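What follows is a short report on a single structure.
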Amino acid sequence: MLLLVLFTTVVAVAALIVGVVGLRRTTTGRGDVDALPEDVVGLRQEVAALRAEAKGALRHLGLVRYDAFADVGGRLSWSLALADDGGNGVVLTAIHGRSEARSYAKSISGWSCSQPLSPEEEEAVRSARS
């Protein structure tokens, strides 16, 4: 038992030493601009290009689940809004009844739709926008 305690103590001290040495190495180069790689400008341009490309991605999501009919439970009906940063995208809706299911897709532009939206679809768009 004493051997196990001694071994655990040695391992803990070794881990502490490795952690301190690693911390010293990371803190010494933080304020030194000359320590930065030469291709930082290229990396910044790459990040800017990726951010510009991501603006068109469907990154905003809003999902509302509900019971469309009183005799069907389980909140199997749903409306899903998917939009990019400008509010352009689509609202998908699936209405599940006892004997059938229907699905709808409506396009949105600037967070609004040219077709009438159900209250659940409007809630999904609001959720995606926030």
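Side notes on the structure shown:
- Condition met for residue 108 (among the β-branched types (Val, Ile, Thr), assigned to a strand (DSSP E or B), at pLDDT 85 or above and within 23 Å of the chain's Cα centre (by Cα)): yes
- Candidates 79, 127, 109: the one that is surrounded by 12 or more Cβ atoms within 10 Å (Cβ to Cβ) and touching a residue at least 60 places away in the same chain (Cβ under 8 Å) is 127.
- Test for residue 53: is it under 32 Å from the mean Cα position of the chain (by Cα), at pLDDT 65 or above, under 30 Å from residue 84 (Cα atoms) and of a type outside the set (Lys, Arg): yes
- Subset tally (residues that are under 18 Å from residue 123 (Cβ atoms) and small (Gly, Ala, Ser)) for the stretch 42-69: 2
- The lone exception for residue 115 - which of (1) at pLDDT 85 or above; (2) under 22 Å from the mean Cα position of the chain (by Cα); (3) part of a loop (DSSP other than H, G, I, E, B) it fails: (2)
- Pick from the stretch 58-76, criterion of a type in the set (Gly, Ala, Ser) and surrounded by 12 or more Cβ atoms within 10 Å (Cβ to Cβ), ranking: farthest from residue 113 (Cα to Cα): 68
- Residues that are of a type in the set (S, T, N, Q) and surrounded by 13 or more Cβ atoms within 10 Å (Cβ to Cβ), drawn from the stretch 82-106: 88, 93
The values are calculated or read from the model by the stated rules, or taken from the named source; none is laboratory data. Bear in mind the structure is a predicted one, so any value in this text is a computation, not a measurement. Virtual Cβ from ideal backbone geometry, glycine too; neighbours counted across all protein chains shown.
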